[in-house]
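Take a look at the structure set out below.
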Amino acid sequence: MICDRCGEEMRFTEKDTSSGRDIREYLCPGCGYSDWEVYGTAMWQILSDDREEWEREETERDTDGMPAEDRQSLAGSAWERIRAFFRKERQ
């Protein structure tokens with residue numbers, strides 16, 4: 001970043017993402033002027049939003065009316081389904 005006051009190259013001093021935005025602060029070594037830029041959404045905020053969306057979709061899938069035991073048996077039988085698929089291939 002170039003200093004607005006004297007035109008020198010500013011030095012990066014701090015990065016703050018606590019607000020959910022990527023904010024970077026710069027300091028001019030020549031005149032002492034400081035400035036900041038916003039680089040968009042912070043990575044942790046993007047990942048957090050993605051996780052919330054995934055959990056919401058997962059909840060919607062879980063509430064489709066299928067009993068929990070049936071969902072577990074489907075998940076537990078994945079290996080059996082794979083083995084059955086390959087047994088069919090050989091026959």
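Report the per residue volume, in Å³, of the convex hull enclosing the C-alpha atoms of the range 1-54.
62 Å³
Taking the beta-carbon count within 10 Å as an exposure proxy, list 19, 34 from fewest neighbours to most.
The order, fewest Cβ neighbours first, is 19, 34.
Excluding residue 21 itself, what net charge comes from residues whose Cβ is under 12 Å from its Cβ, given Lys and Arg +1 and Asp and Glu -1? Don't skip to the answer; put the middle values down first.
On the way: positive: 15, 24; negative: 16, 22, 37.
Its environment carries a net charge of -1.
Considering amide H positions built from the backbone, and no H for Pro or chain starts, which residues 5 or more places from residue 11, or on another chain, come under 5 Å of its amide H?
Under 5 Å from the amide H of residue 11 lie the amide H atoms of 27, 28, each far enough along the sequence or on another chain.
Going by C-beta contacts inside 10 Å, put 27, 47 in order with the fewest on the left.
With the fewest neighbours first, 27, 47 line up as 47, 27.
Taken together, the values in this text are just the output of simple stated rules run on the coordinates, not laboratory data. Just so you know, these numbers come straight off a predicted model, no measurement behind them. Positions of Cβ are backbone-derived with ideal geometry, glycine not excepted, and every protein chain shown enters the neighbour counts.
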